[in-house]
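What follows is a set of notes on a single structure, which appears directly below.
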Amino acid sequence: MTAVQPRRDVAPSRAALDPATAERRARAARRSRRRDTIEAAAWLAGVGGLAFMLSSGTVDVTTLAGLLTTLGRIAGIVASTMIMAQLILIARIPLVEQAIGHDRGARLHARLGRLGFVVIIAHIVLLVAGYALPTQTGLLAQTWAFVVSYGGPMFMASVGFLVLVAVVVTSYAIVRSRWRYENWHAVHLFSYLAVGLSIPHQLTDGQSFMTMGPAWWYWVILWTVAVGGLLAYRVVRPLARFWRHSIRVAAVGTLPDGSTVIAMHGRRLTRLGAKGGQFMLFRFLQHDMWGQAHPYSLSRTVRDGWMRITVKPLGDGSAALRTLRPGTRVMVEGPLGVFTDDSRSGDHLVLAGAGVGITPILALLEDATFRPGGCTVIVRARSEAEIPHLEEFRELAAARGATLHVLTGRRGDGWAPASSPATLSRLVPAIAGADVYACGPDRWVTAVMDDAVVAGVPEHRRHAEEFAW
(Lines give C-alpha, C1' and ligand atoms only; values in the text may rest on other atoms or scores of the structure.)
Protein backbone atom coordinates (compact mmCIF):
# COMPACT_ATOMS: atom_id res chain seq x y z
CA MET A 1 0.00 0.00 0.00
CA THR A 2 1.39 3.39 -0.94
CA ALA A 3 1.69 5.78 1.97
CA VAL A 4 0.11 9.17 1.56
CA GLN A 5 2.18 11.98 3.05
CA PRO A 6 0.29 13.80 5.80
CA ARG A 7 -0.59 17.34 4.91
CA ARG A 8 -0.54 20.21 7.35
CA ASP A 9 -3.74 20.93 9.24
CA VAL A 10 -4.52 24.26 7.66
CA ALA A 11 -7.86 25.58 8.87
CA PRO A 12 -9.99 26.76 5.96
CA SER A 13 -11.64 30.12 6.13
CA ARG A 14 -15.07 30.31 7.73
CA ALA A 15 -16.61 30.98 4.34
CA ALA A 16 -15.14 27.76 2.96
CA LEU A 17 -16.56 25.57 5.69
CA ASP A 18 -19.67 23.57 5.04
CA PRO A 19 -22.47 24.32 7.56
CA ALA A 20 -22.07 21.01 9.43
CA THR A 21 -18.32 21.51 9.99
CA ALA A 22 -18.86 25.15 10.98
CA GLU A 23 -21.47 24.12 13.54
CA ARG A 24 -19.18 21.42 14.97
CA ARG A 25 -16.36 23.92 15.43
CA ALA A 26 -18.68 26.47 17.01
CA ARG A 27 -19.96 23.77 19.38
CA ALA A 28 -16.38 22.80 20.32
CA ALA A 29 -15.58 26.47 21.00
CA ARG A 30 -18.61 26.79 23.30
CA ARG A 31 -17.57 23.69 25.20
CA SER A 32 -14.07 25.11 25.62
CA ARG A 33 -15.48 28.34 27.02
CA ARG A 34 -17.67 26.44 29.49
CA ARG A 35 -14.66 24.43 30.62
CA ASP A 36 -12.63 27.59 31.17
CA THR A 37 -15.51 29.14 33.12
CA ILE A 38 -15.78 26.14 35.44
CA GLU A 39 -12.05 26.09 36.07
CA ALA A 40 -12.02 29.83 36.76
CA ALA A 41 -14.93 29.44 39.20
CA ALA A 42 -12.97 26.80 41.15
CA TRP A 43 -9.98 29.12 41.47
CA LEU A 44 -12.15 32.07 42.47
CA ALA A 45 -13.89 30.00 45.16
CA GLY A 46 -10.55 29.39 46.88
CA VAL A 47 -9.43 32.98 46.41
CA GLY A 48 -12.68 34.15 48.01
CA GLY A 49 -12.03 31.98 51.07
CA LEU A 50 -8.50 33.35 51.44
CA ALA A 51 -9.79 36.91 51.03
CA PHE A 52 -12.25 36.42 53.89
CA MET A 53 -9.45 35.01 56.04
CA LEU A 54 -7.17 37.96 55.37
CA SER A 55 -9.95 40.43 56.08
CA SER A 56 -11.01 38.76 59.33
CA GLY A 57 -8.51 40.68 61.48
CA THR A 58 -7.19 37.43 63.00
CA VAL A 59 -4.05 37.04 60.88
CA ASP A 60 -0.72 37.30 62.71
CA VAL A 61 2.57 36.99 60.89
CA THR A 62 4.71 38.97 63.33
CA THR A 63 5.81 35.89 65.28
CA LEU A 64 6.91 32.44 64.21
CA ALA A 65 3.93 30.86 65.95
CA GLY A 66 1.57 33.30 64.23
CA LEU A 67 3.18 32.67 60.85
CA LEU A 68 2.87 28.89 61.23
CA THR A 69 -0.76 29.22 62.30
CA THR A 70 -1.54 31.51 59.36
CA LEU A 71 0.09 29.12 56.90
CA GLY A 72 -1.89 26.27 58.47
CA ARG A 73 -5.14 28.20 58.01
CA ILE A 74 -4.25 28.91 54.38
CA ALA A 75 -3.52 25.22 53.84
CA GLY A 76 -6.91 24.33 55.36
CA ILE A 77 -8.79 26.67 53.03
CA VAL A 78 -6.86 25.40 50.02
CA ALA A 79 -7.47 21.77 51.00
CA SER A 80 -11.20 22.39 51.49
CA THR A 81 -11.47 24.10 48.12
CA MET A 82 -9.74 21.15 46.47
CA ILE A 83 -12.14 18.72 48.15
CA MET A 84 -15.11 20.78 46.94
CA ALA A 85 -13.68 20.67 43.41
CA GLN A 86 -13.26 16.90 43.73
CA LEU A 87 -16.90 16.48 44.72
CA ILE A 88 -18.08 18.63 41.82
CA LEU A 89 -15.91 16.70 39.36
CA ILE A 90 -17.22 13.31 40.46
CA ALA A 91 -20.85 14.37 41.07
CA ARG A 92 -21.78 13.66 37.42
CA ILE A 93 -23.43 17.05 37.02
CA PRO A 94 -24.35 17.26 33.30
CA LEU A 95 -22.96 20.78 32.85
CA VAL A 96 -19.59 19.72 34.26
CA GLU A 97 -19.59 16.34 32.47
CA GLN A 98 -20.28 17.93 29.08
CA ALA A 99 -17.65 20.63 29.51
CA ILE A 100 -14.81 18.65 31.06
CA GLY A 101 -15.61 15.04 30.20
CA HIS A 102 -15.82 12.09 32.56
CA ASP A 103 -12.32 10.72 31.89
CA ARG A 104 -10.63 14.10 32.32
CA GLY A 105 -12.77 14.86 35.35
CA ALA A 106 -11.81 11.54 36.94
CA ARG A 107 -8.11 12.19 36.32
CA LEU A 108 -8.39 15.68 37.83
CA HIS A 109 -10.30 14.20 40.77
CA ALA A 110 -7.46 11.74 41.40
CA ARG A 111 -4.74 14.39 41.08
CA LEU A 112 -6.54 16.75 43.42
CA GLY A 113 -6.96 13.89 45.87
CA ARG A 114 -3.24 13.13 45.97
CA LEU A 115 -2.21 16.77 46.21
CA GLY A 116 -5.01 17.58 48.63
CA PHE A 117 -3.88 14.86 51.03
CA VAL A 118 -0.44 16.47 51.22
CA VAL A 119 -2.02 19.89 51.83
CA ILE A 120 -4.22 18.43 54.60
CA ILE A 121 -1.13 17.01 56.32
CA ALA A 122 0.54 20.43 56.02
CA HIS A 123 -2.60 22.03 57.51
CA ILE A 124 -2.44 19.71 60.54
CA VAL A 125 1.32 19.94 61.11
CA LEU A 126 1.45 23.74 60.77
CA LEU A 127 -1.47 24.30 63.14
CA VAL A 128 -0.13 21.88 65.74
CA ALA A 129 3.30 23.56 65.61
CA GLY A 130 1.80 27.05 65.62
CA TYR A 131 -0.35 26.38 68.69
CA ALA A 132 2.33 24.40 70.56
CA LEU A 133 5.14 26.90 70.11
CA PRO A 134 3.94 29.71 72.44
CA THR A 135 2.96 27.35 75.29
CA GLN A 136 5.83 24.89 74.85
CA THR A 137 3.37 22.04 75.31
CA GLY A 138 4.98 19.76 72.75
CA LEU A 139 3.63 18.51 69.46
CA LEU A 140 2.08 15.29 70.79
CA ALA A 141 0.39 17.07 73.69
CA GLN A 142 -1.00 19.74 71.38
CA THR A 143 -2.24 17.09 68.95
CA TRP A 144 -4.03 15.32 71.79
CA ALA A 145 -5.52 18.63 72.93
CA PHE A 146 -6.94 19.26 69.46
CA VAL A 147 -8.49 15.79 69.40
CA VAL A 148 -10.09 15.64 72.86
CA SER A 149 -10.25 19.19 74.26
CA TYR A 150 -11.68 21.27 71.43
CA GLY A 151 -15.12 19.66 71.30
CA GLY A 152 -17.02 17.29 69.07
CA PRO A 153 -16.34 18.88 65.66
CA MET A 154 -12.56 18.68 66.13
CA PHE A 155 -12.82 15.05 67.28
CA MET A 156 -14.96 14.27 64.20
CA ALA A 157 -12.36 15.92 61.96
CA SER A 158 -9.62 13.79 63.58
CA VAL A 159 -11.57 10.61 62.93
CA GLY A 160 -12.22 11.79 59.37
CA PHE A 161 -8.48 12.22 58.82
CA LEU A 162 -7.79 8.65 59.94
CA VAL A 163 -10.49 7.39 57.56
CA LEU A 164 -8.92 9.43 54.77
CA VAL A 165 -5.50 7.89 55.46
CA ALA A 166 -6.99 4.42 54.99
CA VAL A 167 -8.61 5.48 51.70
CA VAL A 168 -5.37 7.01 50.39
CA VAL A 169 -3.37 3.88 51.21
CA THR A 170 -5.80 1.69 49.24
CA SER A 171 -5.70 4.12 46.30
CA TYR A 172 -2.06 3.54 45.49
CA ALA A 173 -1.58 1.61 42.26
CA ILE A 174 0.45 -1.14 43.93
CA VAL A 175 -2.51 -1.85 46.24
CA ARG A 176 -5.19 -1.42 43.58
CA SER A 177 -3.40 -3.87 41.28
CA ARG A 178 -3.93 -6.60 43.90
CA TRP A 179 -7.50 -5.75 44.74
CA ARG A 180 -10.69 -6.50 42.92
CA TYR A 181 -12.32 -3.31 41.65
CA GLU A 182 -15.43 -3.98 43.74
CA ASN A 183 -13.41 -4.18 46.97
CA TRP A 184 -11.37 -1.07 46.22
CA HIS A 185 -14.47 0.91 45.27
CA ALA A 186 -16.24 -0.08 48.48
CA VAL A 187 -13.32 1.22 50.56
CA HIS A 188 -13.07 4.36 48.44
CA LEU A 189 -16.66 5.26 49.32
CA PHE A 190 -15.44 5.93 52.86
CA SER A 191 -13.79 9.11 51.52
CA TYR A 192 -17.27 10.66 51.55
CA LEU A 193 -17.50 9.82 55.26
CA ALA A 194 -14.12 11.49 55.82
CA VAL A 195 -15.33 14.63 54.05
CA GLY A 196 -18.56 14.71 56.02
CA LEU A 197 -16.72 14.40 59.33
CA SER A 198 -14.34 17.24 58.43
CA ILE A 199 -16.88 19.90 57.46
CA PRO A 200 -18.33 20.91 60.89
CA HIS A 201 -15.00 21.97 62.47
CA GLN A 202 -14.44 24.46 59.66
CA LEU A 203 -17.60 26.32 60.66
CA THR A 204 -17.28 26.02 64.45
CA ASP A 205 -13.51 26.23 65.08
CA GLY A 206 -12.06 27.90 61.99
CA GLN A 207 -11.23 31.50 62.87
CA SER A 208 -12.07 32.71 59.37
CA PHE A 209 -15.64 31.37 59.33
CA MET A 210 -16.80 30.80 62.95
CA THR A 211 -18.39 34.24 63.46
CA MET A 212 -21.47 33.40 61.34
CA GLY A 213 -20.98 36.55 59.32
CA PRO A 214 -20.64 36.88 55.51
CA ALA A 215 -17.58 34.60 55.50
CA TRP A 216 -19.52 31.86 57.34
CA TRP A 217 -22.39 32.04 54.85
CA TYR A 218 -19.96 32.09 51.91
CA TRP A 219 -18.36 28.85 53.14
CA VAL A 220 -21.74 27.25 53.85
CA ILE A 221 -22.95 28.07 50.33
CA LEU A 222 -19.82 26.59 48.73
CA TRP A 223 -20.16 23.35 50.69
CA THR A 224 -23.89 23.23 49.96
CA VAL A 225 -23.22 23.48 46.22
CA ALA A 226 -20.53 20.76 46.34
CA VAL A 227 -22.33 18.29 48.62
CA GLY A 228 -25.77 19.14 47.23
CA GLY A 229 -24.60 18.54 43.67
CA LEU A 230 -23.18 15.17 44.67
CA LEU A 231 -26.39 14.09 46.41
CA ALA A 232 -28.65 15.43 43.67
CA TYR A 233 -26.91 13.68 40.78
CA ARG A 234 -25.48 10.59 42.49
CA VAL A 235 -28.49 9.72 44.65
CA VAL A 236 -31.70 11.62 43.86
CA ARG A 237 -31.45 11.58 40.08
CA PRO A 238 -30.76 7.83 39.73
CA LEU A 239 -33.68 7.06 42.07
CA ALA A 240 -36.00 9.35 40.10
CA ARG A 241 -34.98 7.72 36.82
CA PHE A 242 -35.39 4.30 38.34
CA TRP A 243 -39.09 4.95 38.92
CA ARG A 244 -39.68 7.05 35.80
CA HIS A 245 -38.13 4.76 33.19
CA SER A 246 -38.74 1.33 34.79
CA ILE A 247 -35.77 -0.29 33.06
CA ARG A 248 -35.69 -4.08 33.10
CA VAL A 249 -33.54 -6.76 31.51
CA ALA A 250 -35.32 -8.02 28.39
CA ALA A 251 -32.86 -10.67 27.16
CA VAL A 252 -29.36 -11.98 27.84
CA GLY A 253 -27.22 -13.71 25.21
CA THR A 254 -23.65 -14.73 24.48
CA LEU A 255 -21.69 -13.92 21.31
CA PRO A 256 -19.11 -16.25 19.71
CA ASP A 257 -16.28 -14.14 21.16
CA GLY A 258 -17.63 -14.73 24.67
CA SER A 259 -19.15 -11.28 25.14
CA THR A 260 -22.45 -11.03 26.99
CA VAL A 261 -25.21 -9.07 25.27
CA ILE A 262 -27.84 -7.53 27.54
CA ALA A 263 -30.93 -5.96 25.99
CA MET A 264 -33.12 -3.82 28.24
CA HIS A 265 -36.52 -2.26 27.81
CA GLY A 266 -38.14 0.66 29.58
CA ARG A 267 -40.25 3.77 29.20
CA ARG A 268 -39.14 6.86 27.26
CA LEU A 269 -35.48 5.84 27.31
CA THR A 270 -34.48 8.46 24.74
CA ARG A 271 -35.12 11.05 27.46
CA LEU A 272 -32.00 9.77 29.18
CA GLY A 273 -30.14 11.78 26.54
CA ALA A 274 -27.61 9.04 25.79
CA LYS A 275 -25.51 9.37 22.63
CA GLY A 276 -23.39 6.91 20.72
CA GLY A 277 -19.99 6.48 22.38
CA GLN A 278 -21.20 7.23 25.90
CA PHE A 279 -21.40 4.85 28.82
CA MET A 280 -23.64 4.51 31.84
CA LEU A 281 -23.35 2.99 35.29
CA PHE A 282 -25.61 -0.03 35.54
CA ARG A 283 -26.79 -1.50 38.82
CA PHE A 284 -28.66 -4.76 38.25
CA LEU A 285 -31.01 -5.36 41.15
CA GLN A 286 -30.50 -9.09 41.34
CA HIS A 287 -29.79 -10.51 44.81
CA ASP A 288 -26.09 -11.12 44.13
CA MET A 289 -25.44 -7.91 42.14
CA TRP A 290 -27.51 -5.06 43.59
CA GLY A 291 -24.63 -3.70 45.69
CA GLN A 292 -22.40 -2.97 42.68
CA ALA A 293 -22.67 -0.43 39.87
CA HIS A 294 -20.43 -0.98 36.84
CA PRO A 295 -19.64 1.28 33.85
CA TYR A 296 -20.62 -0.21 30.49
CA SER A 297 -20.75 1.47 27.10
CA LEU A 298 -23.85 1.34 24.95
CA SER A 299 -23.35 -0.93 21.95
CA ARG A 300 -26.14 0.68 19.89
CA THR A 301 -27.98 3.97 20.09
CA VAL A 302 -30.85 4.08 22.54
CA ARG A 303 -34.39 3.69 21.20
CA ASP A 304 -37.43 4.99 23.06
CA GLY A 305 -38.17 1.61 24.62
CA TRP A 306 -34.89 -0.30 24.14
CA MET A 307 -31.19 -0.11 24.96
CA ARG A 308 -28.29 -2.55 24.74
CA ILE A 309 -24.86 -3.14 26.20
CA THR A 310 -22.26 -5.72 25.19
CA VAL A 311 -19.77 -6.73 27.87
CA LYS A 312 -16.61 -8.81 27.67
CA PRO A 313 -16.19 -11.07 30.75
CA LEU A 314 -12.92 -9.55 31.97
CA GLY A 315 -13.67 -9.54 35.70
CA ASP A 316 -15.88 -11.12 38.32
CA GLY A 317 -18.61 -8.50 37.90
CA SER A 318 -18.76 -8.65 34.11
CA ALA A 319 -18.55 -12.47 34.05
CA ALA A 320 -21.53 -12.72 36.41
CA LEU A 321 -23.76 -10.84 33.97
CA ARG A 322 -24.42 -14.11 32.14
CA THR A 323 -26.55 -15.15 35.09
CA LEU A 324 -28.89 -12.16 34.82
CA ARG A 325 -32.53 -13.10 34.61
CA PRO A 326 -34.99 -11.39 32.26
CA GLY A 327 -37.23 -9.07 34.22
CA THR A 328 -34.46 -7.93 36.60
CA ARG A 329 -34.84 -4.24 37.37
CA VAL A 330 -31.97 -1.91 36.48
CA MET A 331 -30.85 1.37 38.01
CA VAL A 332 -28.72 3.61 35.79
CA GLU A 333 -26.52 6.68 36.20
CA GLY A 334 -25.48 8.81 33.29
CA PRO A 335 -25.01 9.02 30.39
CA LEU A 336 -21.36 9.87 30.94
CA GLY A 337 -18.40 10.83 28.78
CA VAL A 338 -17.75 13.17 25.86
CA PHE A 339 -16.66 10.40 23.48
CA THR A 340 -19.43 11.50 21.12
CA ASP A 341 -19.99 13.14 17.78
CA ASP A 342 -20.61 16.42 19.61
CA SER A 343 -16.88 16.68 20.36
CA ARG A 344 -15.94 16.78 16.68
CA SER A 345 -14.60 19.81 14.86
CA GLY A 346 -13.05 18.25 11.72
CA ASP A 347 -14.48 17.37 8.31
CA HIS A 348 -13.75 13.62 8.45
CA LEU A 349 -14.40 11.03 11.14
CA VAL A 350 -12.05 8.17 12.09
CA LEU A 351 -13.36 5.57 14.54
CA ALA A 352 -10.85 3.01 15.87
CA GLY A 353 -11.72 0.27 18.33
CA ALA A 354 -10.00 -2.78 19.79
CA GLY A 355 -10.97 -5.40 22.34
CA VAL A 356 -13.54 -4.19 24.83
CA GLY A 357 -13.53 -0.79 23.10
CA ILE A 358 -15.12 -2.08 19.89
CA THR A 359 -18.75 -1.86 20.99
CA PRO A 360 -18.89 1.90 21.77
CA ILE A 361 -17.40 2.46 18.32
CA LEU A 362 -20.41 0.63 16.85
CA ALA A 363 -22.82 2.92 18.68
CA LEU A 364 -20.84 6.00 17.62
CA LEU A 365 -20.86 4.83 13.99
CA GLU A 366 -24.65 4.58 14.16
CA ASP A 367 -25.15 7.94 15.88
CA ALA A 368 -22.58 10.21 14.20
CA THR A 369 -23.48 12.67 11.48
CA PHE A 370 -21.42 12.40 8.29
CA ARG A 371 -21.81 12.26 4.53
CA PRO A 372 -21.15 9.03 2.59
CA GLY A 373 -17.38 8.65 2.41
CA GLY A 374 -16.88 10.92 5.42
CA CYS A 375 -16.10 8.21 7.96
CA THR A 376 -13.41 5.55 8.31
CA VAL A 377 -13.87 2.72 10.80
CA ILE A 378 -10.94 0.61 12.03
CA VAL A 379 -11.65 -2.54 14.03
CA ARG A 380 -8.70 -4.40 15.53
CA ALA A 381 -8.59 -7.94 17.00
CA ARG A 382 -6.52 -11.10 16.84
CA SER A 383 -9.18 -12.79 14.71
CA GLU A 384 -12.60 -11.96 13.27
CA ALA A 385 -14.16 -14.43 15.72
CA GLU A 386 -13.09 -12.13 18.57
CA ILE A 387 -14.89 -9.07 17.18
CA PRO A 388 -18.33 -8.60 18.73
CA HIS A 389 -21.13 -7.62 16.35
CA LEU A 390 -18.86 -7.76 13.29
CA GLU A 391 -21.80 -8.32 10.94
CA GLU A 392 -23.54 -5.27 12.39
CA PHE A 393 -20.40 -3.25 11.68
CA ARG A 394 -20.41 -4.40 8.06
CA GLU A 395 -24.11 -3.75 7.56
CA LEU A 396 -24.05 -0.35 9.24
CA ALA A 397 -20.89 0.79 7.44
CA ALA A 398 -22.37 -0.21 4.09
CA ALA A 399 -25.68 1.47 4.82
CA ARG A 400 -24.07 4.72 5.95
CA GLY A 401 -21.30 4.89 3.35
CA ALA A 402 -18.41 4.44 5.80
CA THR A 403 -15.14 2.72 4.97
CA LEU A 404 -14.53 -0.29 7.23
CA HIS A 405 -11.07 -1.78 7.87
CA VAL A 406 -11.02 -5.05 9.83
CA LEU A 407 -7.44 -5.65 10.96
CA THR A 408 -6.67 -9.03 12.50
CA GLY A 409 -3.53 -10.81 13.57
CA ARG A 410 -0.80 -10.69 16.18
CA ARG A 411 0.10 -7.21 17.36
CA GLY A 412 3.19 -5.61 15.90
CA ASP A 413 5.30 -2.71 17.15
CA GLY A 414 2.43 -0.24 16.81
CA TRP A 415 -1.34 -0.55 16.96
CA ALA A 416 -1.71 -2.54 13.71
CA PRO A 417 -1.12 -6.27 13.14
CA ALA A 418 2.47 -7.39 12.66
CA SER A 419 1.51 -9.21 9.45
CA SER A 420 0.07 -6.09 7.80
CA PRO A 421 1.50 -2.96 9.39
CA ALA A 422 -0.59 0.10 8.72
CA THR A 423 -0.70 3.73 9.74
CA LEU A 424 -3.53 6.19 9.93
CA SER A 425 -1.97 8.17 7.08
CA ARG A 426 -2.14 5.12 4.82
CA LEU A 427 -5.67 4.13 5.73
CA VAL A 428 -7.12 7.66 5.81
CA PRO A 429 -5.73 10.05 3.19
CA ALA A 430 -7.60 12.98 4.75
CA ILE A 431 -6.32 12.19 8.25
CA ALA A 432 -4.88 15.63 9.07
CA GLY A 433 -8.33 17.23 8.77
CA ALA A 434 -10.11 14.46 10.65
CA ASP A 435 -11.20 13.78 14.20
CA VAL A 436 -9.72 10.51 15.50
CA TYR A 437 -11.65 8.53 18.11
CA ALA A 438 -9.89 5.55 19.69
CA CYS A 439 -11.32 3.20 22.27
CA GLY A 440 -9.81 0.08 23.80
CA PRO A 441 -6.95 -1.09 26.03
CA ASP A 442 -4.86 1.84 27.21
CA ARG A 443 -1.61 0.78 25.51
CA TRP A 444 -3.38 0.29 22.20
CA VAL A 445 -5.18 3.62 22.46
CA THR A 446 -1.88 5.36 23.25
CA ALA A 447 -0.32 3.82 20.13
CA VAL A 448 -3.21 5.06 17.97
CA MET A 449 -2.99 8.56 19.46
CA ASP A 450 0.78 8.64 18.89
CA ASP A 451 0.19 7.71 15.26
CA ALA A 452 -2.42 10.48 15.00
CA VAL A 453 0.15 12.97 16.27
CA VAL A 454 2.61 11.84 13.61
CA ALA A 455 -0.14 12.19 10.98
CA GLY A 456 -0.69 15.83 11.96
CA VAL A 457 -3.97 15.54 13.87
CA PRO A 458 -4.10 18.39 16.42
CA GLU A 459 -4.80 17.67 20.08
CA HIS A 460 -8.37 18.98 20.09
CA ARG A 461 -9.26 16.44 17.38
CA ARG A 462 -7.87 13.42 19.19
CA HIS A 463 -10.44 11.70 21.38
CA ALA A 464 -9.49 8.73 23.54
CA GLU A 465 -11.56 6.44 25.72
CA GLU A 466 -9.42 4.10 27.79
CA PHE A 467 -10.67 1.15 29.84
CA ALA A 468 -8.76 1.25 33.11
CA TRP A 469 -9.62 2.00 36.73
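The values are calculated or read from the model by the stated rules, or taken from the named source; none is laboratory data. Because the structure is predicted, anything quoted here is derived from the model rather than measured. Cβ placement follows ideal geometry from the backbone for every residue including glycine, while neighbour counts extend to all protein chains displayed.
Name the residue that is farthest from R241 (Cα to Cα), counting only residues in the range 275-329 that are surrounded by 14 or more Cβ atoms within 10 Å (Cβ to Cβ) and among the basic types (K, R).
Of everything passing the filter in the range 275-329, K312 is farthest from R241 (Cα to Cα).
Does at least one position in the range 149-172 carry a residue that is exposed (fewer than 13 other Cβ atoms within 10 Å of the Cβ), under 30 Å from R35 (Cα atoms) and at pLDDT below 85?
yes
Within the range 370-381, can one find any residue that is over 18 Å from L314 (Cβ atoms) and assigned to a helix (DSSP H, G or I)?
No; the residues of the range 370-381 include none that is over 18 Å from L314 (Cβ atoms) and assigned to a helix (DSSP H, G or I).
Looking at R92, is it touching a residue at least 40 places away in the same chain (Cβ under 8 Å) and outside the structural domain of V167 (by TED's automatic domain parsing)?
So R92 does not fit the description; no.
Working carefully through the options A363, A398, find the one that is surrounded by 15 or more Cβ atoms within 10 Å (Cβ to Cβ) and part of a helix (DSSP H, G or I).
Numbers: A398 fails: surrounded by 15 or more Cβ atoms within 10 Å (Cβ to Cβ).
Only one candidate qualifies: A363.
Which residue pairs have Cβ atoms closer than 9 Å, lie 6 or more positions apart in sequence or on different chains, and pair a first residue in the range 370-384 that is in the same structural domain as S425 (by TED's automatic domain parsing) with a second residue that is charged (D, E, K, R) and assigned to a helix (DSSP H, G or I)?
Pairs that qualify, where the first residue is in the same structural domain as S425 (by TED's automatic domain parsing) and the partner is charged (D, E, K, R) and assigned to a helix (DSSP H, G or I), are F370/D341; F370/R400; P372/R400; C375/R400.
So which residues in the range 193-229 are closer than 28 Å to P94 by Cβ and either in contact with a strand residue (DSSP E or B) (Cβ under 7 Å, 6 or more places away or on another chain) or among the aliphatic types (A, V, I, L, M) (or both)?
Start the filter on the range 193-229 by keeping residues that are closer than 28 Å to P94 by Cβ, which leaves 193-196, 198-199, 217-229.
Within the range 193-229, L193, A194, V195, I199, V220, I221, L222, V225, A226, V227 qualify.
Count, please, the residues in the range 249-297 that happen to be in contact with a Gly (Cβ under 7 Å, 6 or more places away or on another chain), assigned to a strand (DSSP E or B) and under 22 Å from A368 (Cα atoms).
2
Report, by residue number, each residue of the range 403-443 that is assigned to a loop (DSSP other than H, G, I, E, B) and free of Cβ contacts under 8 Å to residues at least 40 places away in the same chain.
G409, R410, G412, D413, G414, A416, A418, S419, S420, P421
Being within 19 Å of E97 (Cβ to Cβ), among the polar types (S, T, N, Q) and in contact (Cβ under 8 Å) with a residue 60 or more places away in the chain is true for just one of T301, T310. Which residue is that?
Within the list T301, T310, the selection yields T301.
Of the residues that sit in the range 451-467 and are in a helix (DSSP H, G or I) and over 22 Å from the mean Cα position of the chain (by Cα), which one is farthest from A106 (Cα to Cα)?
Filtering first and then ranking leaves V454.
Could you please give the count of residues in the range 43-62 that are closer than 12 Å to L222 by Cα, surrounded by 17 or more Cβ atoms within 10 Å (Cβ to Cβ) and of a type in the set (A, V, I, L, M)?
Residues flagged as closer than 12 Å to L222 by Cα, surrounded by 17 or more Cβ atoms within 10 Å (Cβ to Cβ) and of a type in the set (A, V, I, L, M) within the range 43-62 amount to 1.
Failed condition for Y192, given (1) within 22 Å of the chain's Cα centre (by Cα); (2) modelled with pLDDT under 70, with all others met?
The failed condition is (2).
Name the single residue, out of those in the range 207-230 being of a type in the set (F, W, Y) and within 32 Å of the chain's Cα centre (by Cα), that is surrounded by the fewest Cβ atoms within 10 Å (Cβ to Cβ).
Among them, the one singled out is W217.
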